[in-house]
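Colleague: Below: one structure in structure tokens.
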Amino acid sequence: MQGNLRLRHVIATIALALAPTPAFAIDEALLPRNLSPWGMFVGADIVVKAVMIGLACASLVTWTVWLAKTIELRRKSALAVQRTRALEGNMKLAEAAERAGDAHDAVAQLIQSCAKEAELSGGIVDDGLQERVALRLERVEAAMSRQIARGTGVLATIGATAPFVGLFGTVWGIMNAFIGISESHTTSLAVVAPGIAEALLATALGLVAAIPAVVIYNHLVRGIANHRALLADASAQLMLLVSRQRDHRDFRLARAAE
């Protein structure tokens, strides 16, 4: 009797050991323990890693351009307002050129260009002088506008391409997930989850890079448009100054303006 009990116990132990493990237990054992963003990045395929790193660098470039251009716009716009207000007073071109000196800001460049044309005209005051001054001011204004807009094109590029780069990472991650299913001959969550998670992370990074780039680009475009309006206002003030001096037949330039 006791021998039969022992035999039954051995048979039950062997049967339990040979019994198939439930699918949920296998999934739980094979599932990666770290599905945090960093854990998914570390476990991602090399191509997906490259996509994520590229998108992170694009996001860093976006915020760097925003900081640099915001500081530049505020500084140059404040100086342009200051010089334009000075031109609104009872000031002659020689005095304005003397105050501008050798400065390289936009309004100073406009003043220097206007004074240079007056100097090259030899004091001859006519309609041709005003036309030549207007042409010079247009050229300088266009050059300063291009200079202040430098660096913003990269934001448009990032905003337009980052979602598609993230989509490429998504497609690649899903491909890896299907390859894992094919190789393991199972559709368990343990095989599918890592690749899908990596794919979704690449998509998220694409949006994180693209959305701020578009918003910052539109913000900077408005700021650049305001700066261009300030330059146009300064050009108009200089044309008024030239016209007033022409009416008074007083177009002498000081030596300091040469």
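Colleague: With every protein chain in place, what's the accessible area of V65 (1.4 Å probe, Å², nearest 10)?
Modeller: Rounded to the nearest 10, that gives 20 Å².
Colleague: Of the listed peptides 167-177, 95-105, what is their order by residue-averaged count of other C-beta atoms within 10 Å, with the highest listed first?
Modeller: Taking the mean over residues of other Cβ atoms within 10 Å, the ranking is 167-177, 95-105.
Colleague: Sequence gap at least 6, Cα distance under 8 Å: using those rules, report the relative contact order of the stretch 81-173 to the nearest whole percent.
Modeller: This gives 20 percent for the stretch 81-173.
Colleague: Okay, moving on. Just order 109-121, 217-229 by mean Cβ neighbour count inside 10 Å, highest at the front, would you?
Modeller: So the peptides 109-121, 217-229, ranked by packing, come out 109-121, 217-229.
The values are calculated or read from the model by the stated rules, or taken from the named source; none is laboratory data. Quick caveat, the model's predicted, so the values are computed rather than measured. Ideal geometry is used to build each Cβ from the backbone, glycine not excepted, and the neighbour counts take in all protein chains shown. Note: areas computed on protein heavy atoms with side chains; ligands, DNA, RNA excluded. Shrake-Rupley method; radii C 1.70, N 1.55, O 1.52, S 1.80 Å.
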